1. Given the options GLU77, GLU68, name the one that is loosely packed, with under 12 Cβ neighbours inside 10 Å and either out of contact with any strand residue (DSSP E or B) (no Cβ under 8 Å at 6 or more places or on another chain) or outside the structural domain of LYS29 (by TED's automatic domain parsing) (or both).
2. Looking for something over 30 Å from ASP63 (Cα atoms), part of a loop (DSSP other than H, G, I, E, B) and modelled with pLDDT of 90 or more - is there at least one such residue anywhere in region 169-183?
3. If I filter region 145-166 for residues that are at pLDDT 85 or above, part of a loop (DSSP other than H, G, I, E, B), polar (S, T, N, Q) and surrounded by 13 or more Cβ atoms within 10 Å (Cβ to Cβ), do I get at least one hit?
4. Scan region 160-181 and report the pairs whose first residue is more than 16 Å from PHE122 (Cα to Cα) and touching a residue at least 24 places away in the same chain (Cβ under 8 Å) and whose second residue is among the polar types (S, T, N, Q) and part of a loop (DSSP other than H, G, I, E, B), with Cβ atoms within less than 9 Å and a gap of 6+ or a chain change.
5. Determine which member of the set ALA2, ALA80, ALA56, ALA40 is modelled with pLDDT under 75 and among the small types (Gly, Ala, Ser).
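The values are calculated or read from the model by the stated rules, or taken from the named source; none is laboratory data. These numbers were taken from a predicted model, which means no experiment stands behind them. In this analysis, Cβ positions are derived from the backbone assuming ideal geometry, glycine residues included, and neighbour counts consider all displayed protein chains.
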Amino acid sequence: MAKGRDLSSHQSKIVKRYYQNIDTAMTQKLGEMVSELYLADSPAKQKSLWDRVIKALNNTDADPAHWEKITKARSIEKLALFLGDLNLGNYPRKPKPEDRPTPPKPMPTPTQAEPAQPAKQFDGPYLRHAMNQFKRRYKLTRLDDVSRLGRSPLSGGGNSNIVGITPPPEFPREVWEELVRQGRLKKAGSNMYAMP
């Protein structure tokens, strides 16, 4: 078949049926091998047949932990009984990757664990300084809005439409959150604050 060529619907059905019946084909082949094992007269022939049995069992979905005991013991009778179970579908199956339990993640040792970050505490003068900087920026932003060029020079000005501003970037966000918590500022949107 040419590389990359799609299968016809007839060919797809054949392939699908093959994979649906692969276990049946394997059990038939294994049954023939059991008969050959009963009739094998030399140890070399028996070894060759047991190797073929192991290879064929690997191609089934039977759990290797179950049938490896039989193949190690070289017990033809137990193998025949196992094949009967295989034909009936009464056998332990290989665990699927999604069925396998995920190993628990190892707990980090004290040296690996990151030290817990304590909540930042800001002293009063630092918060006052931040608040004064915020007030200055807030006042300048509102004055800039009132004195924009679109207003008439004869009017007495007007009220600013500015509700909130982005705080000065030289202070961390935690400072502004602390001031909100204290009631000295209020949130006015995403990363914006206003006077209460």
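1. Values: GLU68 fails: loosely packed, with under 12 Cβ neighbours inside 10 Å.
Matching residue, one of GLU77, GLU68: GLU77.
2. Quick first cut of region 169-183, residues over 30 Å from ASP63 (Cα atoms) only: 169-183.
Remaining after also requiring part of a loop (DSSP other than H, G, I, E, B): 169-172, 182-183.
So of that shortlist, the ones also modelled with pLDDT of 90 or more come out as 182-183.
Within region 169-183, one or more residues are over 30 Å from ASP63 (Cα atoms), part of a loop (DSSP other than H, G, I, E, B) and modelled with pLDDT of 90 or more.
3. Restricting attention to region 145-166, the residues satisfying the condition of being at pLDDT 85 or above are 164-166.
Add one more test, that the residue is part of a loop (DSSP other than H, G, I, E, B), and what stays is 164, 166.
Cutting the leftovers down to polar (S, T, N, Q) gives us 166.
When the remaining residues are screened for being surrounded by 13 or more Cβ atoms within 10 Å (Cβ to Cβ), the result is 166.
Yes.
4. THR166/ASN191; PRO167/ASN191
5. Numbers: ALA80 fails: modelled with pLDDT under 75; ALA56 fails: modelled with pLDDT under 75; ALA40 fails: modelled with pLDDT under 75.
Only one candidate qualifies: ALA2.
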